[in-house]
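Enquirer: Dumping the structure here so I can ask a few things about it.
The values are calculated or read from the model by the stated rules, or taken from the named source; none is laboratory data. Keep in mind that this is a model prediction, so the values were computed, not measured. No Cβ is skipped: glycine too gets one built from the backbone with ideal geometry, and neighbour counts run over all protein chains shown.
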Amino acid sequence: MKASEAVKQIQDAVLEVEKTGAKELLIANLNAYLANVSATALQQEQGEPSITEAQANHQLEVWKAELSRSSTMSVEMLKATVEAGQTALRSAIV
């Protein structure tokens, strides 16, 4: 289901509630908001993708490299902490 279809179903449900005379919901404001969201969703569905497949692949590779770097840095920080703790324990024992 596309986003525009989901918004259309919500709009239909709100219109049904409005017909029953519900007063707890600012229906006019909700309908205006949903119409705006629906128009935006339709534009996005009809437009071209914001990035190409090559750009998406590049972003994926950048993310992989950043994740690898971050993981390596975290492991080295853990090693340094363990080594500092071991040194402190050796100093306390001696």
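Enquirer: In the same structural domain as A6 (by TED's automatic domain parsing), among the polar types (S, T, N, Q) and out of contact with any Cys (no Cβ under 9 Å at 6 or more places or on another chain): does that describe N57? Step through it out loud before you land on a result.
Expert: Working: in the same structural domain as A6 (by TED's automatic domain parsing): no; among the polar types (S, T, N, Q): yes; out of contact with any Cys (no Cβ under 9 Å at 6 or more places or on another chain): yes.
Spelling it out, it is not the case that N57 is in the same structural domain as A6 (by TED's automatic domain parsing), among the polar types (S, T, N, Q) and out of contact with any Cys (no Cβ under 9 Å at 6 or more places or on another chain).
Enquirer: Among the listed residues T52, T20, identify the single one that is within 26 Å of the chain's Cα centre (by Cα), surrounded by fewer than 11 Cβ atoms within 10 Å (Cβ to Cβ) and free of Cβ contacts under 8 Å to residues at least 40 places away in the same chain. Before you say what the answer is, go through the steps one by one.
Expert: Numbers: T20 fails: within 26 Å of the chain's Cα centre (by Cα).
Only one candidate qualifies: T52.
Enquirer: Keeping to the range 58-93, report how many residues are under 23 Å from the mean Cα position of the chain (by Cα) and of a type outside the set (F, W, Y). Working first, answer last.
Expert: Residues of the range 58-93 that are under 23 Å from the mean Cα position of the chain (by Cα), as a first pass: 58-71.
Checking which are of a type outside the set (F, W, Y) leaves us with 58-62, 64-71.
Looking only at that region, the number is 13.
Enquirer: Could you list, in sequence order, the residues of the range 31-44 that are surrounded by 11 or more Cβ atoms within 10 Å (Cβ to Cβ), modelled with pLDDT of 75 or more and under 24 Å from the mean Cα position of the chain (by Cα)?
Expert: Passing the criteria: Y33, L34, A35, N36, V37, S38, A39, T40, A41, L42.
Enquirer: Of all the helices (runs of 4 or more DSSP H) wholly in the chain, which have at least 2 residues that are among the charged types (D, E, K, R)?
Expert: Working: elements: 3-19, 27-46, 53-93.
Correct list: 3-19, 53-93.
Enquirer: Right, another one. Being of a type in the set (S, T, N, Q) and touching a Lys or Arg at 6+ places or on another chain (Cβ under 7 Å) is true for just one of S38, S70. Which residue is that? Working first, answer last.
Expert: Numbers: S70 fails: touching a Lys or Arg at 6+ places or on another chain (Cβ under 7 Å).
The conditions single out S38.
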